[in-house]
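The values are calculated or read from the model by the stated rules, or taken from the named source; none is laboratory data. Computed from a prediction, not measured in an experiment: that's the story for all the values here. Reconstructed Cβ throughout: ideal geometry from the backbone, glycine too, with neighbour counts over all protein chains shown. Remember, those area values only see protein heavy atoms, side chains included, never the ligands or the DNA or RNA. Shrake-Rupley method; radii C 1.70, N 1.55, O 1.52, S 1.80 Å.
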Amino acid sequence: MRSEVQELIDAVEEEADDIDDLVDIVRDQRDAMKARDPEGVDDLMKEMRDVFFDVQTQEGLRDDMAKKMAARWGCDPRVSSLAALMEEDERALFNGAADRLTQSVFVLKSEILILNGLVDQNEKYTSMLLSEWRRLMGDAPRSGLSADAGAMDFRG
């Protein structure tokens, strides 16, 4: 196998690994949110930033390698174009790595959608609770109740 092809395959697999790490963090965040663990969520947010930086770095490296290889081979820097010019054994490994990266991105998007849904649900629930609390607090003076028990009004 040509070394440049192996380097590109390694870069694609490394990016997929980093994205899989993000998936794990997002799932851990969801669990921490369910457990009502704000410190855990905060720690995971910090970890997510670090891993996200790794993903961006790896994506840049992979993209540069693909562009350089495409320029040398006279094709587009897309999987299908590059794979078409690879030897059979290279193509199989490269397509496998590309499929894995695609799957990792799909899973990450799905996990983020789930997390966003939970955040939206929490926001709606919190808004509903605040609205009910305000309604109850607004009704309190009319019912003779107040925060100061000494100020209760027992008149009819």
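A Cα-only calculation for region 1-75 places Rg and Dmax at 16.8, 54 Å. Placing pseudo-labels 7 Å out from each Cα toward the beta carbon at residue 134 and residue 73 gives an inter-label distance of 6.0 nm. Per atom type, the chain shows carbon and sulfur on 55% of its accessible surface, probed at 1.4 Å.
Please find the FRET efficiency linking residue 36 to residue 119, where r is the Cβ-Cβ separation and R0 is fixed at 25 Å, and quote it to the nearest 0.05.
On the way: r = 14 Å, r/R0 = 0.56.
According to the calculation, E is roughly 0.95.
Checking [x] 18.7; [y] 19.7; [z] 15.9 against Kirkwood radius over Cα pairs in Å calculated from these atoms, the matching label is [y]. Membrane-span-like helices in the chain, defined purely by DSSP H runs whose alpha carbon atoms cover 27 Å or more axially and whose average Kyte-Doolittle hydropathy reaches 0.0, do not occur. The candidates 45, 86, arranged from most to least accessible area with a 1.4 Å probe in the full protein assembly, appear as 45, 86.
Within the same chain, lysines fewer than 8 places from residue 124 are excluded, and of the rest, those with a Cα less than 27 Å from its Cα are 34, 46, 109.
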